[in-house]
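What follows is a set of notes on a single structure, which appears directly below.
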Amino acid sequence: MDANDYLAMLDRAKEQLPENIETHDRFELPELDIIQEGKITIFKNFIDVTDKIRRDPQHLLQYLLKELGTPGTLEGRRVVFKAKISTNHIDEKVRDYTETYVICSECGRPDTHIDKEDRTFILVCEACGARRPIMIRKAARPEDANTLHVGDVVDVTINDVGKKGDGVAKYMDYLIVVPGTTRGTRANVKITNISAKTAFAQVTTEAVNH
Ligand SMILES: [Zn+2]
């Protein structure tokens, strides 16, 4: 077969491809309709989103609650989060979910479903037939919110004095030792060292006591 025949054959093959593979238009989520009201956040068109990506609303909901670290409930077509959360933050998490659980990494289409093979979840693309394991990024562990790290700056009040005369503050379930402080001092301190539930810190800015 000469080159022209080959090209003609390619053209014919292309014509037979389903259109959605050729067009490649970028998948767009519906614009999220979210409002903050006092201490709650209402995701008004939650079900529009799960309809569009064809995923179980409870699956997306559980993902968001875990990622956002907040309680919340599905109420009709809306989700009510029991915390004030910015629209951008929720938008980012919905996009992460969509990238992980919905979008085909080969063709970029959202026409996929999830299969289970042994213990692995596989994203199967109905448009191009691609299959890929679903890689779940390690979510921030819930206990992280209650864990101190070196470099954290926290606002403490010194309410005790250690054996060596250093100020000691209770913070969550930690004792923070802050040299050079006295009882009653309120200060922002930077964590310099942590050993089990005892942390050492230095004062960054001392609150002015009137
Ligand atoms: Zn695909």
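Residue-wise, which Karplus ³J(HN,Hα) couplings in Hz belong to region 152-160, taking 6.51 cos²θ - 1.76 cosθ + 1.60, θ = phi - 60°, and x for glycine or proline?
After applying 6.51 cos²θ - 1.76 cosθ + 1.60, I find 4, 10, 10, 9, 10, 10, 6, 10, 7 Hz.
With +1 assigned to the C-beta of every Lys and Arg and -1 to the C-beta of every Asp and Glu, and no other charges, what is the dipole magnitude of the chain about the Cα centre in debye, to the nearest 20? The partial results should precede the final answer.
Numbers: 30 positive and 34 negative charges, 307 e Å.
So the magnitude is around 1480 debye.
Relative to the longest principal axis of the chain, what angle (0 to 90°, nearest 10) does the C-alpha long axis of helix 57-68 take?
It is inclined by approximately 40 degrees.
Let me know the charge dipole size of region 147-206 about its Cα centre in debye, to the nearest 20, where only the beta-carbon of Lys, Arg (+1) and Asp, Glu (-1) is charged.
On the way: 7 positive and 6 negative charges, 35 e Å.
Around 180 debye, computed over region 147-206.
Computed over the Cα atoms of region 147-206, what is the convex hull's projected area averaged over all directions, in nm²?
Averaged projected hull area, Cα only: 3.4 nm².
Any idea what angle helix 87-101 forms with the longest principal axis of the chain, computed on alpha-carbon atoms, 0 to 90 degrees, nearest 10?
Approximately 50 degrees, to the nearest 10.
Check ILE134: other-chain or 5+ apart residues with amide H under 5 Å from its amide H, H built from backbone geometry?
Distant-sequence amide H within range of ILE134: PHE121, ILE122, LEU123.
Using the Karplus curve 6.51 cos²θ - 1.76 cosθ + 1.60 with θ = phi - 60°, what ³J(HN,Hα) values do you get for each residue of region 188-197, in whole Hz, with x for Gly and Pro?
Values per residue, Gly and Pro as x: 8, 10, 9, 6, 10, 7, 9, 9, 6, 9 Hz.
Taking only the alpha-carbon atoms of the chain, what semi-axes of the equivalent ellipsoid follow from 5 times the gyration tensor eigenvalues under a square root, in whole Å, largest first? List each step's numbers first, then the result.
Numbers: eigenvalues 563, 93, 46 Å².
They are 53, 22, 15 Å, listed from largest to smallest.
Among ALA169, VAL80, HIS149, whose Cα sits farthest toward the positive end of the charge dipole of the chain (+1 at Cβ of Lys/Arg, -1 at Cβ of Asp/Glu, about the Cα centre)?
With unit charges placed on the Cβ atoms, the residue in question is ALA169.
Work out the FRET efficiency for HIS59 and ALA130 from their Cβ-Cβ distance, taking R0 = 22 Å, and round it to the nearest 0.05.
Numbers: r = 21 Å, r/R0 = 0.96.
Rounded to the nearest 0.05, the efficiency is 0.55.
For the pairs LYS93/LYS170; LYS39/LYS197; LYS164/LYS190; LYS93/LYS190; LYS82/LYS197; LYS82/LYS170, flag any whose C-alpha to C-alpha distance is greater than 26 Å. List each step's numbers first, then the result.
Working: LYS93/LYS170 34 Å; LYS39/LYS197 32 Å; LYS164/LYS190 20 Å; LYS93/LYS190 30 Å; LYS82/LYS197 30 Å; LYS82/LYS170 28 Å.
Those over the limit are LYS93/LYS170; LYS39/LYS197; LYS93/LYS190; LYS82/LYS197; LYS82/LYS170.
Return the sequence-ordered ³J(HN,Hα) values of region 28-35 in whole Hz as given by the Karplus equation 6.51 cos²θ - 1.76 cosθ + 1.60 applied to θ = phi - 60°, using x for Gly and Pro.
With the stated coefficients, region 28-35 comes to 10, 6, x, 5, 6, 9, 10, 10 Hz.
Read-outs: derived from the displayed coordinates by stated rules, not from any lab. Note that this is a predicted model, so its numbers are computed, not measured. Note: ideal-geometry Cβ built from the backbone for every residue, glycine included; neighbour counts use all protein chains shown.
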